[in-house]
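Below is one structure, written out as structure tokens; comments come after it.
The values are calculated or read from the model by the stated rules, or taken from the named source; none is laboratory data. Values in this document were obtained by computation on a predicted structure and should not be read as measured data. Counting neighbours? That spans all protein chains shown, and the Cβs are built from the backbone with ideal geometry, glycine included. Note: areas computed on protein heavy atoms with side chains; ligands, DNA, RNA excluded. Shrake-Rupley method; radii C 1.70, N 1.55, O 1.52, S 1.80 Å.
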Amino acid sequence: MDGYNFAYLDEQTKRMIRRAILKAVAIPGYQVPFASREMPLPYGWGTGGIQVTAAIIGTADVLKVIDQGADDTTNAVSIRRFFARTTGVATTERTAEATIVQTRHRIPERALGADQIIVFQVPIPEPLRWLEPRETETRKMHALAEYGAMHVKLYEDVARHGRIATAYDYPVMVSGRYLMRPSPIPKFDNPKMDRSPALQLFGAGREKRIYAVPPWTAVVSLDFEDHPFEVQSWDQCCALCGAEDSFLDEVIVDDRGGRIYVCSDSDHCGERRAAGHVGPQPDALGQPVEAAPR
Amino acid sequence: MTGQPLLRVAGVTRRYGTRIGCRDVTFDLWPGEVLGIVGESGSGKTTLLKCLSAQLEPDAGRIVYATRDDGPQDIFALSEPRRRLLARTDWGIVHQHPVEGLRMKVSAGANVGERLMAVGARHYGQIRTSALDWLGRVEIPRDRIDDMPRTFSGGMLQRLQIARNLVSQPRLVFMDEPTGSLDVSVQARLLDLLRGLVADLGLSVVVVTHDLAVARLLAHRLMVMRAGSVVEEGLTDQVLDDPQHPYTQLLVASILHP
């Protein structure tokens, strides 16, 4: 695109962001401040993730962007188009083909490999913010690893609901040292972060923080001995592809209250259908199997 | 009172610019002893308490605390993590306004359990049992455990703050006007409770108050402060019944007797 540098940001900015990323990788889970730039879309739309992607993307990369697991939602489409126009790199909707996956609210169902990088869009990076509004104090708590207060939140959950009711943005300990917010992914995805072969990068544009989980790093979800961490489960399978082990979204299909559960990862669901898996209501969304999004 | 003092304070001075917060304060606090610090507003009581509890670094002087594991240690020579750990486990700090010492956005049970979780308790059932136990000991009905502190009365808040501090079984508790914002009958009950707890647990306490009645009920020993300096100290009854320093005489004489 004329008038713009490759990947929109100028080279000095990308260099600054790469330095922050290197530091973040060197100290797993530690929030590295960086000079976040104004981006041509509003805060909350993924400005942090976009800057991280812009700093690491190269001409040979293949980019996939998802929002709530789907490739065809507004946020995903606009960011994918943004990078297609400013870099000219290939984009894909297939997890297996991508070298960089930028995501909001999900980790793809297909296990990521060592040649892939996943970039998370983060609204609030600080896990201790809910109980301590002072940045100076939360930094000190991180420095001294004073994380006991985080369990107060889980205690409140159990006291009120009888179980740990936190369902997304579930706090984790990274490499046994730093407490980290995994961004608003469902806790269903937390186990995927643990010892993942892929590099995981997190960008928070408004809060101006970058953090990372390097490949093969231990990521442990907080819990109590008598209330261990567990992920969501459903009593039905995906209506389209019949998957029983994926994260399901509830979708309303008519105006008479009819609802079905379908895979939130659209690529995963499409791949399964293409491979011949059929759920109980394959036509519920008006998409015949052969026309599933590829 | 055998062995060594729990807290040794020598020549503690704190200035605010050219103004004096407290000047050259020296005393020993023994295990199981309750020391009252009395004086009018602005006499340096709270500054001294903040220095003692490591919330404020003094400009001169030493504060040596007998730690459980490593014997006497100068608290400001300790590393910050150790000092913070000490303040969270071996000490308690009861603020005048419970709002400063409590987390108002989490339930009473979580407030009491926080210190346990901070030192590594990870068993919900056990944390809850301790919280229930402590609520009972400070006379808060057990069925209020899941209620928010904002639904509590002033006296209950203050008792909740005390439970939150004592759950980690501290050896030394600092209290800044613990009954300051309570009405008289609630004050009396709280003092009763505090007296019982101090005796049962063998706590050492430094209590700051401007209320001589509170000092008389709680403290074994008194220090009278004025303009940053200690003007008189001695056993509580001795100081209050036979004040020597003119300022102490004035202080005692200004109590209203109904």
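Kirkwood Rh over Cα pairs of chain A into Stokes-Einstein at 25 °C, 0.890 mPa s: D in µm²/s?
Roughly 123 µm²/s, to the nearest whole number.
Excluding ligands, DNA and RNA, the accessible surface per residue across chain A is 44 Å² with a 1.4 Å probe. One way to sum up the overall shape of region A:192-270 is the equivalent ellipsoid from its Cα gyration tensor, whose semi-axes run 31, 18, 15 Å, largest first.
What relative contact order, as a whole-number percentage, does region B:1-48 give when Cα pairs under 8 Å and 6 or more residues apart are counted? About 37 percent, as a whole number.
The accessible surface of region B:103-169, taken with every protein chain in place and a 1.4 Å probe, is 48 percent carbon and sulfur.
For the protein assembly as shown, the spread of Cα coordinates along the three principal axes comes to 99, 53, 40 Å, biggest extent given first. Within the listed set B:Pro243, B:Pro58, B:Pro170, the residue fluctuating most in the Gaussian network model of chain B (springs between alpha-carbon atoms under 10 angstrom) is B:Pro243. Note: relative contact order over chain A, using C-alpha pairs below 8 Å and six or more positions apart, is 20 percent. In the elastic network of chain A, a GNM with C-alpha springs shorter than 10 Å, the most mobile of A:Glu146, A:Glu97, A:Glu109 is A:Glu146. Pairing chain B with chain A buries about 1900 Å² of accessible area. This figure sums both sides and uses a 1.4 Å probe. Each Cα pair under 8 Å and six or more residues apart adds its separation to the average, and for chain B the resulting relative contact order is 26 percent. Each Lys and Arg contributes +1 and each Asp and Glu -1, all at the Cβ; summed about the Cα centre of chain B, the dipole is approximately 820 debye.
Here chain A carries DSSP beta bridges of which approximately 60% are antiparallel, counting only pairs with both residues inside.
Placing R0 at 56 angstrom, the Cβ-Cβ distance between A:Arg19 and B:Leu132 gives a FRET efficiency of 0.65 after rounding to 0.05. Tally Lys/Arg at +1 and Asp/Glu at -1 over every other residue whose Cβ is under 11 Å from the Cβ of A:Pro228; what's the total? My count for the surroundings of A:Pro228 gives -2.
I want to check the label-to-label distance for B:Asp242 and B:Asp74. Put each point 7 Å from Cα in the C-beta direction and report it in nm to one decimal. Placing both labels 7 Å along Cα→Cβ, they lie 3.9 nm apart.
Within the set of other residues whose C-beta is less than 11 Å from the C-beta of B:Phe152, count the net charge using Lys and Arg as +1 and Asp and Glu as -1.
Once positives and negatives cancel, what remains is +2.
Stokes-Einstein diffusion of chain B at 37 °C, 0.692 mPa s viscosity, Kirkwood radius from Cα pairs, rounded to a whole number: 174 µm²/s. When the protein assembly as shown is described by a simple charge dipole with +1 on each Lys and Arg Cβ and -1 on each Asp and Glu Cβ, the residue from A:Ala159, A:Val262, A:Gly205 located farthest towards its positive end is A:Gly205. Panel values: region B:103-169, Kirkwood radius from alpha carbon pairs, Stokes-Einstein at 25 °C and 0.890 mPa s, translational diffusion coefficient 214 µm²/s.
Computed extension length for A:Leu285-A:Asp72: 75.2 nm, one decimal, from 0.36 nm per residue of separation with the Cα-Cα distance subtracted.
Modelled spin labels at A:Arg256 and A:Gln236, positioned 7 Å past Cα toward Cβ, are 1.5 nm from each other. Summing Lys and Arg as +1 and Asp and Glu as -1 over all other residues whose Cβ lies under 13 Å from the Cβ of B:Val112 gives a net charge of +3. A dipole drawn for the protein assembly as shown from +1 and -1 charges on Cβ atoms has a positive end, and of A:Pro42, A:Gly69, A:Val219 the residue lying farthest that way is A:Pro42. A loss of 40 Å² or more of accessible area (1.4 Å probe, protein heavy atoms, ligands and nucleic acids excluded) relative to the isolated chain is seen in these residues of region B:103-126: B:Arg103, B:Val106, B:Met117, B:Arg122, B:His123, B:Tyr124.
Full extension of the segment from A:Val220 to A:Arg85, taken as 0.36 nm per residue of separation minus the current Cα-Cα distance, would add 44.8 nm. All C-alpha pair distances within region A:87-204, sorted into 5 Å bins from zero, spread as 2, 10, 18, 20, 18, 13, 9, 6, 3, 1, 0 percent across the bins. Comparing mean-square fluctuations of B:Val38, B:Val206, B:Val119 from a GNM of chain B with C-alpha springs under 10 Å, the top value falls on B:Val119. On a C-alpha basis, how far is the centre of region B:179-258 from the centre of region A:226-272 in Å? Whole number, if you could? Taking the Cα centre of each part, region B:179-258 and region A:226-272 sit 66 Å apart. Dipole orientation for the protein assembly as shown: of the candidates B:Thr13, A:Ala243, B:Ile145, B:Thr13 has the Cα lying most toward the positive pole (charges on Cβ; Lys, Arg +1; Asp, Glu -1).
A simple spin-label model places the labels of B:Arg82 and B:Ser153 4.5 nm from each other, with each point 7 Å out along Cα-to-Cβ.
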